[in-house]
Amino acid sequence: MKKCALICNPSSGHGKKKPIVSKMIVILKEYGYDTDVYYTKYSGHAKKIILSIDSADLVVSLGGDGTFNEVVTGNLQRPVRLLLSHIPLGTTNDLGAIFGLGKNPINNLRLILDGTVKKIDICKINDQPFVYVAGLGKFTDVAYDTPRKLKKTMGYLAYLINAFTKFRQKTHLFEMTYEVDGKAYTGLYSFALICNASRMAGINVFQDVKMDDGKFEVLFSNITSRADIIKSLYYFKTNGIENVPGFYFFRTDNLKIKLKSYPKNNWCIDGEKLRDRSLTFDIGIIKGLEMLLPEKELDKIFINK
């Protein structure tokens with residue numbers, strides 16, 4: 001029998017996890033896996049769990065995007081990396097949607113077990129991995145700043161309420177120098193996004209994003225007024241992200257950012273707060289992390305079939 005490690009965050013989502021986990025154990029056995037189940041007990045525990053596993057043929061993360069970030073972070077620190085997969089149980093579940101997963105975790109497990117192993121790029125910011133997005137500035141702290149209790153009772157609506165509150169607040173600019181392709185630029189910005197996926201906060205933001213092309217997408221903005229924010233949404237829907245006034249978009253494999261002063265809020269990575277309060281940040285790529293993924297969306301998010 002093969003061995004599967006199921007790492008479950010019991011705080012993610014709304015429903016009780018034990019009935020779901022019990023059904024998953026049965027399905028995994030059908031596919032030839034003996035399963036060890038690990039429940040996380042605190043922030044950062046998933047990382048410690050995967051570091052403590054001697055060996056496994058498959059590790060399945062069951063939780064939100066932040067839980068999977070912890071699993072990836074721990075896996076990258078192992079001498080021998082393990083094969084990963086992820087079943088979303090969070091509020092927005094951007095990663096699940098990107099990978100072609102729906103809302104039913106049992107169906108998702110079968111899709112994964114019938115899927116294909118792919119090698120994906122993982123971004124890093126000052127050596128802290130993030131799977132699909134890092135953000136700084138206006139709105140980017142909504143994910144970690146929305147109270148967990150509110151998310152559990154209201155779901156995605158909790159994020160919208162928090163975002164609307166921040167929309168009404170004054171937009172602060174931060175001075176930033178960034179270096180890309182050997183050239184340095186300095187300016188005042190309201191937010192910065194570094195992404196390796198098309199979707200974030202439940203919205204498809206970018207087009208033609210590949211998770212194995214050795215590059216990540218970068219979007220900076222200097223928009224401040226509420227009227228211009230509303231206009232930018234209109235231009236985004238009609239003309240695409242690359243043609244919005246006040247937006248600066250490019251792709252690269254290496255980016256250096258230096259802030260003049262400490263920003264009001266921390267970076268947000270994969271929906272969680274980055275604890276690093278540096279003024280300088282190096283963003284790069286780690287290639288070749290193996291994941292077992294459903295067949296459904298592979299042709300859309302990978303170059304190498």
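Readers should treat all values here as calculations from the given coordinates under stated rules, not as data from a laboratory. Model, not experiment: these values are computed from the prediction. Using ideal geometry, Cβ is built from the backbone for each residue, glycine included, and neighbour counts are taken over all protein chains shown.
So here's what we get for this one:
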item: Subset of Lys124/Lys296; Lys18/Lys300; Lys41/Lys215 violating a 31 Å alpha-carbon distance limit; result: Lys18/Lys300; Lys41/Lys215
item: Packing-based ranking, highest mean first, of 260-267, 173-180 given that Cβ atoms within 10 Å are counted; result: 173-180, 260-267
item: Antiparallel bridge percentage (DSSP; both residues within region 1-109; nearest 5); result: 0
item: Inter-label distance for Lys264 and Glu179, nm, one decimal - labels placed 7 Å from Cα along Cα-to-Cβ; result: 3.0
item: R0 of 41 Å, Cβ-Cβ distance Glu295-Phe250: FRET efficiency to nearest 0.05; result: 0.85
item: Chain lengthening between Ser55 and Asp34 when straightened (0.36 nm per residue, less Cα-Cα); result: 6.3 nm
item: Residue-span extension gain [Asp276 to Asn107] - 0.36 nm each, minus C-alpha spacing; result: 57.1 nm
item: Centroid-to-centroid separation of region 25-63 and region 251-301 [C-alpha atoms, Å]; result: 24
item: Reachable aspartates and glutamates, given that their alpha-carbon falls under 14 Å from the alpha-carbon of Lys210 and they are not under 8 places away in the same chain; result: Asp121, Asp253, Glu297, Asp299
item: Quotient of Cα Rg and 2.2 N^0.38 Å for region 2-114, N being how many residues it contains; result: 0.96
item: Net charge contributed by nearby residues that have their C-beta within less than 11 Å of Asp57 (K/R +1, D/E -1); result: +1
item: Cβ-defined net charge surrounding Tyr185, 12 Å radius [Lys, Arg +1; Asp, Glu -1]; result: 0
item: Extension gain (nm, one decimal) between Gln77 and Ile286, 0.36 nm per residue minus Cα-Cα; result: 74.0 nm
item: Sorted by Cβ density within 10 Å, fewest first, the residues Ile285, Ile49; result: Ile285, Ile49
item: Simple Cβ-charge dipole of region 2-114, Lys/Arg +1 and Asp/Glu -1, about Cα centre, in debye nearest 20; result: 260
